1. From the label point of B:Lys89, set 7 Å from Cα along Cα→Cβ, how far away are the matching label points in the other copies, in nm, ordered shortest to longest?
2. I want to check the label-to-label distance for B:Asp54 and A:Ala44. Put each point 7 Å from Cα in the C-beta direction and report it in nm to one decimal.
3. Using a 1.4 angstrom probe on the protein heavy atoms only, could you order B:Arg141, A:Arg115 from most to least accessible area?
4. Spelling out what I want: for every residue of the stretch A:60-66, take phi, set θ = phi - 60°, compute 6.51 cos²θ - 1.76 cosθ + 1.60 (Karplus), and round to whole Hz; glycine and proline get x.
5. Expected output is a single nm value to one decimal: the length gained when fully extending between B:Glu123 and B:Glu24, i.e. 0.36 nm times separation in residues minus the C-alpha distance. What is it?
6. Could you tell me the relative contact order of the stretch A:64-112? Use alpha-carbon pairs under 8 Å, at least six residues apart, and round to a whole percent.
7. Would you mind calculating the relative contact order of chain A from Cα pairs under 8 angstrom and at least 6 residues apart, reporting the percent as a whole number?
8. What is the sum of charges around B:Ala17, taking Lys and Arg as +1, Asp and Glu as -1, for the other residues whose C-beta is under 14 Å from the C-beta of B:Ala17?
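The values are calculated or read from the model by the stated rules, or taken from the named source; none is laboratory data. The structure displayed is predicted, hence computed values, not measured ones. Cβ placement follows ideal geometry from the backbone for every residue including glycine, while neighbour counts extend to all protein chains displayed. Ligands, DNA and RNA are excluded from the accessible area calculation, which covers all protein heavy atoms including side chains. Shrake-Rupley method; radii C 1.70, N 1.55, O 1.52, S 1.80 Å.
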Protein chains: 2
Amino acid sequence: MGESAKAVETSTRILDAAELLFVEHGFDATSMRLITQAAGVNIAAVNYYFGSKDGLFKAVFERRAEPFARLFLGHLDQLERQYANPSAKQVVEAFVAAAIELGQEASLGGLIFVRLLARTFVEPHPVLKESMPRRYSELTRRYISALVKSLPHLSEAEVHWRFHFLANAMFNAFAGTNVLRLFMAHPIVNARDPQMVARMLVPFVVAGLDAQAAMPELVDQNS
Amino acid sequence: MGESAKAVETSTRILDAAELLFVEHGFDATSMRLITQAAGVNIAAVNYYFGSKDGLFKAVFERRAEPFARLFLGHLDQLERQYANPSAKQVVEAFVAAAIELGQEASLGGLIFVRLLARTFVEPHPVLKESMPRRYSELTRRYISALVKSLPHLSEAEVHWRFHFLANAMFNAFAGTNVLRLFMAHPIVNARDPQMVARMLVPFVVAGLDAQAAMPELVDQNS
DNA sequence: CTAATTTTCAAACACTCGTTTGAAATATCG
DNA sequence: CGATATTTCAAACGAGTGTTTGAAAATTAG
């Protein structure tokens, strides 16, 4: 069974090209001929290595899932090794530090995969329905429970809501999703500078997490 | 030139069906045959009324633009008539109240158009490049300048950044964009309940706006 | 080196895409 | 009414879609 250097190189080139083009134009607007042409391979290679276009899409996500989760969990592990009860701010900073590191690590695809994730949030593909929760539920659960512990003035349900807002905000922020660029002719903010995004984002979301409860009556008083 | 009841009804049915299907499947994955079938009209009707599929897409946005902007500006106008210097919280509440009203107003398409906007942020279409800023720049400018006035501890640039985060968070929140649903098998939050979204969202983003400046050195001390 | 296996490739497959056509049906107007 | 303009419709257009095929090329194993 072939795992030769040449074969790996071919499937990798396809994955790289596909990842970039899926981000840029979306799944449907990206044709097999465009992908294989960009990768410099024959069009039949996609079906040979990945079975189908759907299979390729799934493979693009599969390749990134494990290193992605490990990177973000690693920062949380390190934090919880240093502090028994990390603050919400520290948890957010761990997440942001992981995002920054991801953006600098070319071997992980940089922020391209974050952009692909951000696209997938509003443009779900049935192929990912099963694999995504399996790959990322631990990551999500760990960050949420860290926040639950650091925000005792909030009910667990409200922490889930805030994590929902926070995750949307942060993924879109690092993906460079720019509402202003669509709404204004000349927006001031440069949404594609990760360092700047991190600097501006942290105080915003930390204050949002620390804010008073919207539904204080639900907080468990016994903990 | 025809503006008969039947003709208007036909083009309206096309717009309604297209709006819904573009939200659900995106521009490329929505075929003309699917749209016209859902609208109960002949396939040639789209080209007859809107020239092309691109023209239809543009028309879907054009129909909503003016009422949408007027609704959100109306709430801000009312606020500024009542208060000379409204707080950031009041500005946010005006925006949220407009979103809630939009969701209840079937004649404005409810929240479907908000979902379409949220999709367009990460999936831009060249056809909208020119028309969107023309339609929404006043709306954006007005809300930003209201926030600039209500947040004197922030530089104008930092207010732009926070509005950038806020707009992303709020549009995606009301659009029901759900990161958790993709990452977890059984998320707790019900992201499609506008009343609940509003209740949980306001304290989060208001605290984020009121937070200390990330770059305090840039604040103009002379104002 | 020979044989078996893996990978590449050009060509063609059936199918769907957005758009156009020209005539039939309907509505408008003098 | 008859004449004119508007709207609907079935059918077809060329182009592009993902996928399959079978043979050629390259690599690996004995």
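1. 2.2
2. It is 3.6 nm.
3. B:Arg141, A:Arg115
4. Ordered by residue, 3J(HN,Hα) equals 4, 6, 4, 4, 8, 4, 5 Hz.
5. Answer, rounded to one decimal: 34.3 nm.
6. 37
7. Normalised by residue count, the contact order of chain A is 20 percent.
8. 0
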